[in-house]
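The values are calculated or read from the model by the stated rules, or taken from the named source; none is laboratory data. Treat the numbers as computed from the prediction; the structure is a model and nothing was measured. Note that we place each Cβ from the backbone using ideal geometry, even for glycine, and neighbour counts take in every protein chain shown. In case anyone asks, the SASA skips ligands and DNA or RNA and just uses the protein heavy atoms, side chains included. Shrake-Rupley method; radii C 1.70, N 1.55, O 1.52, S 1.80 Å.
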Amino acid sequence: MAEHQINTIGVLTSGGDAPGMNAAIRAVVRRGLSSGMKVKGILKGYQGLLNEEIIDMSAKDVSDTIERGGTILYTARCAEMRTPEGQERAAQICRENGIDGLVVIGGDGSFAGAQKLANLGINTIGVPGTIDLDIACTEYTIGFDTAVNTAMEAIDKVRDTSTSHERCSIIEVMGRGAGYIALWCGIANGAEDILLPEKYDYDEQKIVNNIIASRKAGKKHHIIINAEGIGHSEAMAKRIEAATGIETRATILGHMQRGGSPSCKDRVYASMMGAMAVDLLSQGKTCRVVGYRHGHFVDFDINEALAMKKDVSPYMWEVCNSLSHNYTKHSDTLNFD
Ligand code: ADP
Ligand code: F6P
């Protein structure tokens, strides 16, 4: 529990930006002000905190931001924050600036920084912001919905040209070590093959056989969605073209997946989570992260949240495969997890 009433809160965004972060910042600022707190924006994540790039924020400062991609507070990755000296200095800067509650919007790495600050006595709440959906304690992370829709639309476009040229297309989507964007696009785009870091067995011959079989069955294109965690799409395209004799191109969607105006879901959920972070601080809570589970916004202890593990749903993976190509169902005793 926080030791005293919170008068001033700080808010920062850290790690990769994600569409919807501005909605979360806006909610922190306005919920904080309406709860009688002062609100300070910390620019450029932990790097900006260590450089004392701290500004006062009014309700007007977040006008016309909910529809904007990126983060108005900017973001950064900061090596110094990984060191005990950096963490101690960051906590000291919070104290010197009167910041007695801090909202950190970012991914697992940013939460690890938040955990360190909480241990050093700064009342800290994490809000999950990453397009990767790779935070174990929550079924939703800010930015995933927009990013996966951006990727889906781009893949539809690649598919048009792939069909016209009767090609195989390998499309690489982001996600760092996680395959959620690839899995969702695999289903949404009706891809013929989906390669996830969590599931890939590196049996390229199987893919080659699939391509040849689907061409024989009259398919005009063959879409392979490859997750960034597997990567090497260009080299894979060359090998597949050589093995199948079918023209193959690689497209790496890259950072376009991080930009753009947030979807309605990202605006609404990010607003709820930003407001909830402030409410948790008001209630005297610290060292918590906000999450979304089973239809509810919830909070967890940061230490417990960081220790949780997440995996791709076996049922979703099995269904995804069953809808994609010549697939035979092997078992009727599926667990719907
Ligand atoms: P994300 O928050 O999206 O997972 P990163 O993993 O890049 O992105 O982490 C963002 C920032 O969080 C890092 O640049 C660093 O400043 C801070 N951070 C990451 N890991 C730790 C850690 N173990 N301890 C303290 N700070 C950390
Ligand atoms: O975590 C978000 C993310 O876009 C990952 O999907 C990707 O691996 C990484 O960030 C890319 O980081 P950077 O912007 O530093 O290239």
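For the structure I just gave you, tell me whether A277 is among the aliphatic types (A, V, I, L, M), within 16 Å of ligand 1 (Cβ to nearest atom) and modelled with pLDDT of 95 or more.
When the stated conditions are applied, A277 passes them.
Mind listing whichever residues of region 314-327 are part of a loop (DSSP other than H, G, I, E, B) and surrounded by 15 or more Cβ atoms within 10 Å (Cβ to Cβ)?
S324, H325
Kindly indicate whether A91 is in contact with a helix residue (DSSP H, G or I) (Cβ under 9 Å, 6 or more places away or on another chain), hydrophobic (A, V, I, L, M, F, W, C) and within 16 Å of ligand 2 (Cβ to nearest atom).
No; evaluated as a whole, the condition is false for this residue.
Any chance you could count how many residues in region 89-109 are within 20 Å of V127 (Cβ to Cβ) and assigned to a helix (DSSP H, G or I)?
Looking only at that region, the number is 5.
A quick yes/no check of all residues on (1) touching a Leu at 6+ places or on another chain (Cβ under 9 Å); (2) farther than 11 Å from T286 by Cβ:
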site	(1), (2)
R95	no, yes
G98	no, yes
I105	yes, yes
F111	yes, yes
I122	yes, no
I131	no, yes
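Please state which of the following conditions G129 fails to meet, knowing it meets all the rest: (1) under 26 Å from A235 (Cβ atoms); (2) surrounded by 18 or more Cβ atoms within 10 Å (Cβ to Cβ); (3) within 15 Å of ligand 2 (Cβ to nearest atom).
For G129, the failing item is (1).
Does any residue of region 42-59 turn out to be more than 16 Å from V103 (Cβ to Cβ), within 16 Å of ligand 2 (Cβ to nearest atom), open to solvent by less than 80 Å² (accessible area, probe 1.4 Å) and part of a loop (DSSP other than H, G, I, E, B)?
So far as region 42-59 goes, no, none of its residues is more than 16 Å from V103 (Cβ to Cβ), within 16 Å of ligand 2 (Cβ to nearest atom), open to solvent by less than 80 Å² (accessible area, probe 1.4 Å) and part of a loop (DSSP other than H, G, I, E, B).
Considering only residues of region 237-273 that are of a type in the set (G, A, S) and either touching an Asp or Glu at 6+ places or on another chain (Cβ under 6 Å) or over 30 Å from R26 (Cβ atoms) (or both), which is most open to solvent (accessible area, probe 1.4 Å)? Outline the logic, then answer.
The initial filter retains those residues of region 237-273 that are of a type in the set (G, A, S), namely 237, 242-243, 245, 250, 254, 259-261, 263, 270-271.
Still in the list and also either touching an Asp or Glu at 6+ places or on another chain (Cβ under 6 Å) or over 30 Å from R26 (Cβ atoms) (or both): 237, 242-243, 245, 250, 261, 263.
Values: A237: 5, A242: 87, A243: 57, G245: 68, A250: 26, S261: 64, S263: 27 Å².
Only one residue tops the list, namely A242.
If you go through region 58-69 one residue at a time, do you hit one that is near ligand 1 (Cβ under 9 Å from one of its atoms) and hydrophobic (A, V, I, L, M, F, W, C)?
No.
Going through region 244-264 one residue at a time, which ones are touching a Ser or Thr at 6+ places or on another chain (Cβ under 8 Å) and either part of a helix (DSSP H, G or I) or within 17 Å of N210 (Cα to Cα) (or both)?
T248, R249, M256, Q257 - these are the residues of region 244-264 that are touching a Ser or Thr at 6+ places or on another chain (Cβ under 8 Å) and either part of a helix (DSSP H, G or I) or within 17 Å of N210 (Cα to Cα) (or both).
Looking for whichever is within 30 Å of the chain's Cα centre (by Cα) and surrounded by 18 or more Cβ atoms within 10 Å (Cβ to Cβ) here; the options are E234, E228. Which one fits?
Details: E234 fails: surrounded by 18 or more Cβ atoms within 10 Å (Cβ to Cβ).
Just one listed residue meets the conditions, E228.
Would you check which residues across region 70-85 are open to solvent by 40 Å² or more (accessible area, probe 1.4 Å), within 8 Å of ligand 1 (Cβ to nearest atom) and assigned to a helix (DSSP H, G or I) and list them?
A79, E80, R82 - these are the residues of region 70-85 that are open to solvent by 40 Å² or more (accessible area, probe 1.4 Å), within 8 Å of ligand 1 (Cβ to nearest atom) and assigned to a helix (DSSP H, G or I).
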